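One structure is given below, encoded as structure tokens.
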Amino acid sequence: MRLLPVILALLCLSFATPGWGQNLSPEEIEEMNEECLDCHDDMDEDEAEYAFPAGKVIQFQVDPEDHKASAHGQILACMSCHESYDDDHPE
């Protein structure tokens, strides 16, 4: 049972570490995010959200300045969490 607190602590540290284990510099993160935010900032109203049949709505439009000021924009590249969206992502 003494191992469980150590494992939990290491898990928490891995999520709190800047770059989340990506080994990317802040400049690389900014450059990668810029590619995503170029489109996600400039979307038509009909492209900016998706409504699921159950009623949940997801917003796709992202303000680059808001994103950059958030924890996400400072330590994570968009593709850190959204890597699966690369193959079928619309241009």
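Taken together, the values in this text are just the output of simple stated rules run on the coordinates, not laboratory data. Keep in mind that this is a model prediction, so the values were computed, not measured. Positions of Cβ are generated from backbone atoms using ideal geometry, with glycine treated the same way; all protein chains shown enter the neighbour counts.
Here are a few things to note about the model shown:
- Nearest-0.05 FRET efficiency for E31 and F60, computed from C-beta distance (R0 35 Å): 0.95
- Counted by Cβ distance under 13 Å from P26, the other residues give a net charge of -4, where Lys and Arg count +1 and Asp and Glu count -1.
- Highest mean first, the peptides 71-82, 53-64 sorted by other C-beta atoms within 10 Å per residue fall in the order 71-82, 53-64.
- Summing +1 for each Lys or Arg and -1 for each Asp or Glu among the other residues whose beta-carbon sits under 13 angstrom from that of L76 gives -2.
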